[in-house]
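Read-outs: derived from the displayed coordinates by stated rules, not from any lab. Quick caveat: nothing in here was measured; it's all calculated off a predicted structure. Counting neighbours? That spans all protein chains shown, and the Cβs are built from the backbone with ideal geometry, glycine included.
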Amino acid sequence: MSVAVLLSCHGTVSLTEDIPAFLHNIRRGRPTPPELVQEVAHRFELIGGSPLMSITEAQARALEARLGVPVVVAGRLWHPYPGEVLPGLVAQGVRTLLSLPLAPQSVDVYHAAVREAAAPHPQLSLRYAPAWGLEPALLDAFVETIDEALAAALEAERNDIPIVLSAHSLPRRVIAAGDRYEIEFRAMADAVAQRLRARGATTSIAFQSQGASAEPWLGPDLAETFAALAAAGARTALVAPIGFLAEHVETLYDLDIEAPQIAQRAGLERLLRARAVCDRPRFIDAMEAVARRALSA
């Protein structure tokens with residue numbers, strides 16, 4: 001065995017008692033107000049804990065079966081970190097490692113964490129997947145999830161339901177500093193929207209799950225988007241969180257619990273929600289295509 005793939009994700013905790021330390025990582029050492037810790041713990045408890053890491057493991061096992069090489073998982077902001085995973089791979093004889101972030105628009109941030117973790121292992125040659133938000137099979141997988149969600153509506157009204165393509169918001173200062181996240185997400189969302197518009201659907205973009213800081217964040221947010229749709233006459237809308245490749249608190253709480261209340265206040269009567277792609281075969285097709293190209297380059 002000389003080749004392996006590292007799937008890296010945001011990371012999350014499995015125990016609520018770890019939430020303060022997790023938030024400390026997310027906030028890069030800035031003090032976390034006790035009320036924020038309590039609110040995040042409350043959200044985790046309401047959804048029964050985040051399935052992010054178990055879904056990421058399922059994605060890894062599916063990709064491993066396709067590629068025939070080991071595929072391991074690491075979190076950028078929680079265990080197992082890349083630095084905890086790499087020594088075992090090196091000990092097993094891995095000499096070429098592909099960094100494949102499960103964040104198609106933020107690959108550089110994840111690659112940097114892997115590169116830092118690999119520094120003590122000069123025998124390890126790193127390869128990096130490029131931004132892959134426009135991978136055709138990925139776009140197919142997004143459309144699949146949207147079609148499955150639309151199946152809950154009457155056939156006659158499906159093309160009249162506006163579709164909101166959402167992603168996690170970021171502070172505007174991050175974008176101003178040169179981060180390409182917004183540019184790359186909008187390009188991916190536009191590619192999905194083109195497929196949907198070709199059959200008569202209406203689409204828009206929203207940035208959800210803004211942080212607790214008072215600084216400006218990317219928008220429009222869900223409240224603004226829902227209000228605009230209601231003002232245009234919509235009574236039902238569908239949210240497709242294409243910025244998330246697995247279910248997590250941002251989908252299971254922010255969209256399934258909080259968003260319907262926001263939609264109702266905005267004047268919508270019904271809110272549908274597409275599921276994250278998780279380990280559906282068409283999504284694994286996308287990862288496989290990205291990995292094979294990067295490994296053969």
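In table form, for the structure just shown:
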{"read-out": "Dipole-positive endmost among Pro80, Ser2, Ala65 within the chain (Cβ charges, Cα centre)", "value": "Ser2"}
{"read-out": "Share antiparallel - DSSP beta bridges, region 1-115, percent rounded to 5", "value": "0"}
{"read-out": "Share, in percent, of DSSP beta bridges within region 136-273 that are antiparallel, nearest 5", "value": "5"}
{"read-out": "For region 185-297, size of Cβ-based charge dipole, Lys and Arg +1, Asp and Glu -1, in debye", "value": "600"}
{"read-out": "Simple Cβ-charge dipole of region 83-189, Lys/Arg +1 and Asp/Glu -1, about Cα centre, in debye nearest 20", "value": "720"}
{"read-out": "Given charges at beta-carbon only (K, R positive; D, E negative), |dipole| of the chain in Debye", "value": "760"}
{"read-out": "Share antiparallel - DSSP beta bridges, the chain, percent rounded to 5", "value": "5"}
{"read-out": "Region 1-76 and region 193-208: distance between their alpha carbon centers, rounded to Å", "value": "30"}
{"read-out": "Projected area, mean over directions - the chain, Cα convex hull, nm²", "value": "15.9"}
{"read-out": "Range of Cα positions in region 244-285 per principal axis (Å), largest first", "value": "39, 18, 9"}
{"read-out": "Percent of alpha-carbon pairs separated by more than 26 Å within region 136-273", "value": "19"}
{"read-out": "Charge dipole (region 136-273, unit charges on Cβ, about Cα centre) - positive-most of Ala228, Asn159, Ala240", "value": "Ala228"}
{"read-out": "Surrounding net charge for Met188, when Lys and Arg each add one and Asp and Glu each subtract one, Cβ distance under 13 Å", "value": "-2"}
{"read-out": "Value at 222 nm in deg cm²/dmol, rounded to 500, when DSSP H runs of n ≥ 4 in the chain each add -39,500 (n - 2.57)", "value": "-13500 deg cm²/dmol"}
{"read-out": "Rg/Rh for region 1-103, where both radii come from Cα atoms and Rh is the Kirkwood radius", "value": "1.05"}
{"read-out": "Burial ordering of Trp217, Trp132, fewest other beta-carbon atoms within 10 Å first", "value": "Trp217, Trp132"}
